[in-house]
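Working notes, beginning with the structure itself.
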Amino acid sequence: MKIVFALVLLTGSWATGQVNFPPKDSAQQRANFERGKANQASYDESRFTRAGFEPLSKLRAKKREVKRALFSDPYGMISLPGVEVERTSDGSVKLNVIRTVGAPTSSLLPGSVWARLNRLQGTSLDPRPYVPWDPPETNEPPPSICHGWGVLLGAGDASTTKSASWGACGGSQDAKLNLASELARLAVSTKPECTFDEQDVFWSFANCFDAQHSDQP
């Protein structure tokens with residue numbers, strides 16, 4: 001009887017699909033939101049670091065000004081580099097193509113690029129404020145499977161660091177997409193042998209920088 005009772009305790013809520021969500025606008029809902037936001041920032045940092053970038057948390061100490069993007073193809077099959085645009089202390093702007101091994105490949109860009117990237121970024125990478133929401137219905141069906149491009153974006157300077165993601169699955173035509181597209185375009189522009197297609201932004205980047213292509217030594 002003791003064994004049966006233990007099994008009932010372990011499987012009760014799981015077997016019935018019952019999940020207890022905190023009430024709308026409760027202290028617990030707010031705490032869960034803030035904890036999730038902190039966990040997401042930590043995860044973004046780890047993704048950038050594993051991809052070969054300097055951690056965002058170190059940018060402030062070094063007073064570096066950067067905007068960066070890490071692209072993921074729809075099926076995770078292509079080895080793609082990251083892109084980082086940096087404004088240096090003398091006001092010049094350079095683009096770094098960053099991989100997990102080897103030194104970054106750098107190219108100078110026009111100084112006007114930085115102001116354009118600032119306009120495209122706007123407030124799109126700013127942390128989302130807490131907005132109370134209604135707990136979901138426990139009988140909602142799971143989301144359908146979707147394969148699409150994803151981009152992790154980051155920015156940092158001497159005073160702050162920010163990161164946010166955009167995904168083709170559920171993503172909108174918003175500022176994050178515009179910023180990601182411009183970073184991809186700038187990267188492709190540094191390789192004269194590559195062609196950029198405005199209608200197929202991320203595949204243009206992939207075709208240019210896939211590890212199987214000629215940018216590797």
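The values are calculated or read from the model by the stated rules, or taken from the named source; none is laboratory data. Small disclaimer: the values here were computed from a predicted structure and weren't measured. Positions of Cβ are generated from backbone atoms using ideal geometry, with glycine treated the same way; all protein chains shown enter the neighbour counts. Surface accessibility is based on the protein's heavy atoms, side chains included, excluding ligands, DNA and RNA. Shrake-Rupley method; radii C 1.70, N 1.55, O 1.52, S 1.80 Å.
Along the chain, the longest continuous region that contains none of the GluC sites (Glu not before Pro) in a DSSP loop with at most 12 other C-beta atoms within 10 Å is 1-136.
When a/c is below 1.5 the answer is rounded, else prolate if a/b is larger than b/c, else oblate, so apply that to the chain with a ≥ b ≥ c taken from the square roots of the Cα gyration tensor eigenvalues.
prolate
In terms of the Cα gyration tensor, with a ≥ b ≥ c the square roots of its eigenvalues, is segment 133-193 rounded because a/c is under 1.5, prolate because a/b exceeds b/c, or oblate? Judged from the Cα gyration tensor, segment 133-193 comes out oblate (a/c at least 1.5, b/c at or above a/b).
Note on segment 33-117: semi-axes of the ellipsoid equivalent to its C-alpha gyration tensor, largest first and rounded to whole Å, are 23, 18, 12.
For trypsin sites (Lys or Arg not before Pro), the sites in segment 29-112 that DSSP calls loop and that have at most 13 other Cβ atoms within 10 Å are LYS63.
Kindly express, to the nearest 10 degrees and within the range 0 to 90, the angle between helix 2-16's C-alpha long axis and the longest C-alpha principal axis of the chain. That works out to roughly 50 degrees.
Divide by every residue of the chain the summed helix terms, -39500 (n - 2.57) for each DSSP H run of at least 4, and state the resulting mean residue ellipticity at 222 nm, rounded to the nearest 500 deg cm²/dmol.
Details: 6 runs with 77 residues, N = 217.
Roughly -11000 deg cm²/dmol at 222 nm, from the helical runs in the chain.
Using a 10 angstrom cutoff on alpha carbons, build the Gaussian network for the chain and name the most mobile of ILE78, ILE145, ILE98. For the chain, modelled as a Gaussian network with Cα springs under 10 Å, the answer is ILE145. What do you get for the angle between helix 112-121 and the principal long axis of the chain? Use alpha-carbon atoms, 0 to 90 degrees, nearest ten. Orientation of helix 112-121: about 10 degrees from the principal axis. The 3J(HN,Hα) values that the Karplus relation (6.51, -1.76, 1.60; θ = phi - 60°) gives for segment 183-189 are, in residue order, 5, 5, 5, 4, 4, 5, 5 Hz. Gly and Pro appear as x.
Could you look at segment 20-154 and say what percent of its accessible area is carbon and sulfur, using a 1.4 Å probe and all protein chains?
On the way: 4360 of 8130 Å².
Reported share for carbon and sulfur atoms: 54 percent.
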